[in-house]
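Notes follow once the structure below has been shown.
Rule-based calculations on the coordinates, nothing more; no lab input. Note that the coordinates shown come from a computational prediction; the quantities given were computed from them, not determined experimentally. Backbone-built Cβ (ideal geometry, glycine too); neighbour counts: all protein chains shown.
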Amino acid sequence: VNGKIEIPVVVNVLYRTAAENISLTQIQSQIDVLNKDFNALNSDFNQVPTLFSGVKANVGISFVLDQVIRKSTTKTSWGTRDAMKKSKQGGIDPTSPTTKLNIWSCTIGGGILGYAQFPGGSSATDGVVIDAKYFGLAGSAAAPYNLGRTATHEVGHWMNLRHIWGDATCGNDFVADTPLHNTANYGVPAYPHYSTCAGTPVEMTMNYMDYTDDAGMYMFSAGQKARIDAIFVSGGARYSFAQ
Ligand code: ARG
Ligand code: ZN
Ligand code: CA
């Protein structure tokens, strides 16, 4: 990647209640968290155990708020089938999705914190969705998911990262420097948490691509950074963002 990548972010707010109509302050707090987490500037980065200090990474991609689009709705929940991304279904169509990251804030329902589209999908539905209760800091954000890490995790997916447990028992996340995990971890696991997978490694439970509480996740790895960098080079699925 030549030069620093700065990604313009369009935030699409769908609201029925006042709490869902998240403030500009709350929106900017989320952009700030993304900038910290993707640049190793998060205050908990120094909590990464020594075991992983050789692979903890500064991804080095920044985000800038481009615009906020708001729309009122009578819908109480939007689900995970992209209705919020379609004006024909009462949602908001993405703005310039090949050059801007679109984030939708709405009530998803079903206990879902957020979801993302991987690189290579339709631009009409590209971006990430974050439930208004887990968006940024303060305002409508609710513990233990009130540190903005849902968006860090989802933008990780948007940049081609898989769950660290590979969505299977001791599964493959296509990243060599992340250990095998039995399955998803929740809460804030005590360190060290040993895997029972091949080699019984200590799991990297503090990785953003696990399922711990926001307070339990604070690093990407060098291998994850390499996987991200690969989508922004010429021929990569998100090269249009690197121009
Ligand atoms: N469950 C969501 C997903 O699979 C996000 C989990 C985010 N975790 C968090 N601590 N905010 O994409
Ligand atoms: Zn995920
Ligand atoms: Ca791995």
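Assorted remarks:
- Summary value for the chain: 21 percent relative contact order, contacts being C-alpha pairs under 8 angstrom separated by 6+ residues.
- Trypsin sites (Lys or Arg not before Pro) within segment 85-141, DSSP loop, no more than 16 other Cβ atoms inside 10 Å: 86
- Here the alpha carbons of segment 76-212 define both size measures, Rg and Dmax, at 16.2, 51 Å.
- Tail weight of P(r) past 13 Å, computed on alpha-carbon pairs of segment 70-133, percent: 58 percent
- Among the listed pairs 4/56; 36/100; 36/225; 56/133; 71/100; 4/100, those with a Cα-Cα distance over 25 Å are 56/133.
- For segment 68-115, size of Cβ-based charge dipole, Lys and Arg +1, Asp and Glu -1, in debye: 120 debye
- Note, ³J(HN,Hα) from phi for segment 188-199, Karplus 6.51, -1.76, 1.60, rounded to Hz, x at Gly and Pro: 10, x, 5, 9, x, 9, 7, 7, 9, 6, 3, x
- Between residue 80 and residue 200, the contour length at 0.36 nm per residue exceeds the alpha carbon distance by 39.7 nm.
- The DSSP beta bridges internal to the chain are antiparallel in roughly 20% of cases.
- Ordering 223, 237, 206 by Cα displacement along the dipole of segment 159-243 toward the positive end leaves 237 in first place; charges were set at the Cβ atoms of Lys, Arg (+1) and Asp, Glu (-1).
- Ranked by how many other Cβ atoms sit within 10 Å of their own Cβ, fewest first, the residues 73, 107 fall in the order 73, 107.
- Orientation-averaged projection of segment 1-123 equals 9.6 nm² [convex hull of Cα atoms, one quarter of hull surface area].
- Dividing the convex hull volume of the alpha-carbon atoms in the chain by its residue count gives 116 Å³ per residue.
- For residue 210, residues with placed amide H under 5 Å, excluding near neighbours: 164
- For segment 114-121, 3J(HN,Hα) per residue [Karplus equation, 6.51 cos²θ - 1.76 cosθ + 1.60, θ = phi - 60°, Hz, x = Gly/Pro]: x, 8, 9, 9, 5, x, x, x
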